[in-house]
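Worksheet: the structure to be examined is printed underneath.
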Amino acid sequence: MTGYNWDDITDEARAAGVDSFLAKPLFASNVVEEFRYAIGKKKAANAEEAKADLKGKRILLAEDMEVNAEIMVMVLNMREMQVECATNGREALEMFSKSQENYYDAILMDMNMPEMDGLEATMKIRALDRADAKTVPIIALTAKAFDEDVQRSLQAGLNAHLSKPVEPDALFATLESMVK
């Protein structure tokens, strides 16, 4: 941000990593628009290198509705991922805790399940005494897409929040950005 002529500092600022310039006085709409522009530019530049190849990745799917689980397995199989299913949060926790470290590349966690919901299962997975419990991407799958639901998901240790019905492109993009 500057109130002076940018021509004198443009080259030096760009070399230092500046993405954009704002003139003073600042207006909220200009600041928001510049943030959108800068973030979009960075995302586009990093998008290709950040994408993981999903072929062969092992996914733990926690979903209590059989038809939803079948659909998700079919979608994940489109990208040749290996899927193991749990019918509730307690089963997902058990499957994860009994697996070898780094066995699962990601967990897709329904939020509303019997016995143990997705939030509780996620918190218990994150609390396990093993390194991958802290780092495995856990993605919420839920019909609840209100801001407070997303906040609760993130506070419980979930990495992302996808609304049902899940769009395959959004699912793949999320997995590509989070899976190692």
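The values are calculated or read from the model by the stated rules, or taken from the named source; none is laboratory data. Since the structure is predicted, the reported quantities are computational estimates derived from the model, not experimental observations. In this analysis, Cβ positions are derived from the backbone assuming ideal geometry, glycine residues included, and neighbour counts consider all displayed protein chains. The protein model used for the area step is the full one, side chains on, heavy atoms only, and it has no ligands, DNA or RNA in it. Shrake-Rupley method; radii C 1.70, N 1.55, O 1.52, S 1.80 Å.
Testing the spin-label approximation: label points 7 Å from Cα along Cα→Cβ at Asn77 and Glu120. State their distance in nm.
3.2
Points 7 angstrom from Cα along the Cβ direction at Gln100 and Ala170: gap in nanometres?
Here the modelled spin labels are 3.5 nm apart.
Give me the percent of DSSP beta bridges within the chain that run antiparallel, rounded to the nearest 5.
Approximately 0 percent, going by the DSSP bridge assignments.
Hey, can you find the accessible area per residue of the chain for me, probe 1.4 Å, expressed in square angstrom?
In whole numbers, the chain has 61 Å² accessible per residue.
Let me cross-check Asp105: its accessible surface, 1.4 Å probe, with only protein heavy atoms counted, in Å² to the nearest 10?
40
Which residues' amide hydrogens lie under 5 Å from the amide hydrogen of Asn112, considering only partners 5 or more residues apart or on another chain, with H built in the peptide plane?
Excluding prolines and chain starts, which carry no amide H, the hits are Gly118.
For the chain, which whole percent of the accessible surface, found with a 1.4 angstrom probe, sits on carbon and sulfur atoms?
For the chain, the apolar C and S fraction of the accessible surface comes to 53 percent.
Which chymotrypsin sites (Phe, Trp or Tyr not before Pro) in the stretch 101-165 sit in a loop by DSSP (not H, G, I, E or B) and have at most 16 other Cβ atoms within 10 Å of their own Cβ?
The qualifying sites are Tyr103, Phe146.
Quickly rank 173-179, 16-22 as a protection proxy: mean count of other C-beta atoms within 10 Å, highest first.
So the order, starting with the most tightly packed, is 173-179, 16-22.
Taking 7 Å along the Cα-to-C-beta vector as the label spot, tell me the Glu70-Asp53 distance in nanometres, rounded to one decimal.
Each label point lies 7 Å from its Cα, and together they span 3.3 nm.
Between Glu84 and Ala28, 0.36 nm times their residue separation minus their Cα-Cα distance comes to what?
Once the chain is fully extended between Glu84 and Ala28, it gains 15.4 nm.
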